[in-house]
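**Q** The structure is given below, and queries will be raised subsequently.
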Amino acid sequence: ELVVMLEHFEGIRWHVYEDHLGNLTGGMGHLIKDDEKAAFPGGAVISREQVQAWAQVDVSAAWQKAQEQSAELGVADHDFYVAMASMCFQNGLYWNTKHVKTWALMKEHKWEEAALECADSAWARETPARSAAAGREPSCG
């Protein structure tokens, strides 16, 4: 379920490209790490096996962090985990250190206010369809 949703939003690119922030990225939104840059410079073709390997690691990390953050919020709900994992995948595992207002509202279980904060964020302006989808879940709202 999560992988299908992420693939829908991220798509798959079979070559390394620069994302909107200038970061080398490839596959299903995988941020190329410093130790990968020699093997995967800009424009490099990426094999199906590599895309799958990155996706497995990245999705697992996002899922784990989503469960940790959900536990911190006191929420135990599968749909909530999925929405949180999507946020972790796109915005980074530590998105809550960048979106401190949203996180603070979520910690207070002020879901509607958190959704409004999300809607007024750089994330919403950069990827409106995705942030709107997350905002329908209590995790981003």
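Let's see how each residue does on (1) at pLDDT 95 or above; (2) under 16 Å from the mean Cα position of the chain (by Cα); (3) open to solvent by less than 70 Å² (accessible area, probe 1.4 Å); (4) among the charged types (D, E, K, R):
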| residue | (1), (2), (3), (4) |
| --- | --- |
| Val4 | no, yes, no, no |
| His15 | yes, no, no, no |
| Asp34 | yes, no, no, yes |
| Ala38 | yes, no, no, no |
| Pro41 | yes, no, yes, no |
| Ala44 | yes, no, yes, no |
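**Q** Can you find a residue in the stretch 92-101 that is among the basic types (Lys, Arg) and at pLDDT 95 or above?
**A** no
**Q** Kindly evaluate Ala85 against the criterion of being aliphatic (A, V, I, L, M), touching a residue at least 60 places away in the same chain (Cβ under 8 Å) and either within 19 Å of Glu7 (Cα to Cα) or open to solvent by less than 40 Å² (accessible area, probe 1.4 Å) (or both).
**A** yes
**Q** Hey, another quick one. Identify all residues within the stretch 60-74 that are open to solvent by 20 Å² or more (accessible area, probe 1.4 Å) and on the phi < 0 side of the Ramachandran plot; write none if there are none.
**A** Selection gives Ser60, Ala61, Trp63, Gln64, Lys65, Gln67, Glu68, Ala71, Glu72.
The values are calculated or read from the model by the stated rules, or taken from the named source; none is laboratory data. Please read these numbers as outputs of a predicted model, since none were measured by experiment. Here the Cβ is made from the backbone with ideal geometry for all residues, glycine too, and neighbour counts use every protein chain on show. Areas reflect the complete protein model, heavy atoms only, side chains present, ligands, DNA and RNA absent. Shrake-Rupley method; radii C 1.70, N 1.55, O 1.52, S 1.80 Å.
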